[in-house]
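Have a look at the structure below before the remarks.
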Amino acid sequence: MGKNVAILASGNGTNAENIIRYFQEKGGEDGVALVVSNRQNVNVFKRAENLRIPCIYISKEKWTTGEEVLKLLADYRVDFIVLAGFLAKVPDTLLHAYPQRIINIHPSLLPKFGGKGMYGDRVHQAVVEAGERESGVTIQYINEHYDEGDIIAQFRCPVFPKDTAEDVAVRVHALEYEHYPQVIERLLAEIDK
Ligand code: GAR
């Protein structure tokens, strides 16, 4: 039986769109069943709706307990949860209901440049300011602490002396688009149904 993925996202949603398209183009049984956000009117909703994926907004208060999210995921028979630019805390109820089945992508080589408040362009800015010579992407399971879950995979790219944060962002995004869908696909294949 095909496996259903839920994507949690808070903003632009280029990764979400890329993942949705990847599975749609494969035409297999696995795919993205819904996109959930903690913000209203975000770009990710437009991107997902264009691809006929249901989008659901869950308010901040409701994320605190997680009960409503859990019910929603059960309604859509979600097997696996993918964070793609999701900036709220994942409630413990979800972590317990989906052990080793919630993953995140972070735009640096963790443990470097991770932790609360480190997201998106802030990460690339910090990488450039620190004079790093490489950056990349970390895909990991999530746990109760920001950016401290078990690492599944890392992918690297160079950072050149004259790079701006924007230059690094472009290179890191390219790595995300290339690898995140494939890692998800591999992990889905490992789930016994
Ligand atoms: C991505 O680069 C992702 O790695 C990062 O946010 C961006 C979202 O872009 N996530 C974090 O920083 C998490 N700490 P997108 O909305 O266009 O996919």
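Observations, loosely collected:
- Restricting attention to region 75-101, the residues being more than 13 Å from the ligand (Cβ to nearest atom) and within 10 Å of the chain's Cα centre (by Cα) number 1.
- Test for Arg122: is it within 10 Å of the ligand (Cβ to nearest atom), surrounded by fewer than 18 Cβ atoms within 10 Å (Cβ to Cβ), at pLDDT 95 or above and of a type outside the set (Phe, Trp, Tyr): yes
- Only one entry in Leu188, Leu175 is under 30 Å from Tyr57 (Cα atoms), among the hydrophobic types (A, V, I, L, M, F, W, C), in a helix (DSSP H, G or I) and without any contact (Cβ under 8 Å) to a residue 40 or more places away in the chain, namely Leu175.
- Test: residue in region 61-71 that is in a loop (DSSP other than H, G, I, E, B), away from the ligand (no atom under 16 Å from the Cβ) and small (Gly, Ala, Ser): yes
- Leu72 vs. criteria more than 15 Å from Ile56 (Cβ to Cβ) and surrounded by fewer than 19 Cβ atoms within 10 Å (Cβ to Cβ): no
Conditions tested, residue by residue: (1) assigned to a helix (DSSP H, G or I); (2) among the hydrophobic types (A, V, I, L, M, F, W, C).
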| position | (1), (2) |
| --- | --- |
| Asn12 | no, no |
| Phe23 | yes, yes |
| Phe45 | yes, yes |
| Glu49 | yes, no |
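The values are calculated or read from the model by the stated rules, or taken from the named source; none is laboratory data. All values derive from a computational prediction rather than experimental measurement. Quick reminder, even Gly has a Cβ in these numbers, built from the backbone with ideal geometry, and neighbours come from all protein chains shown.
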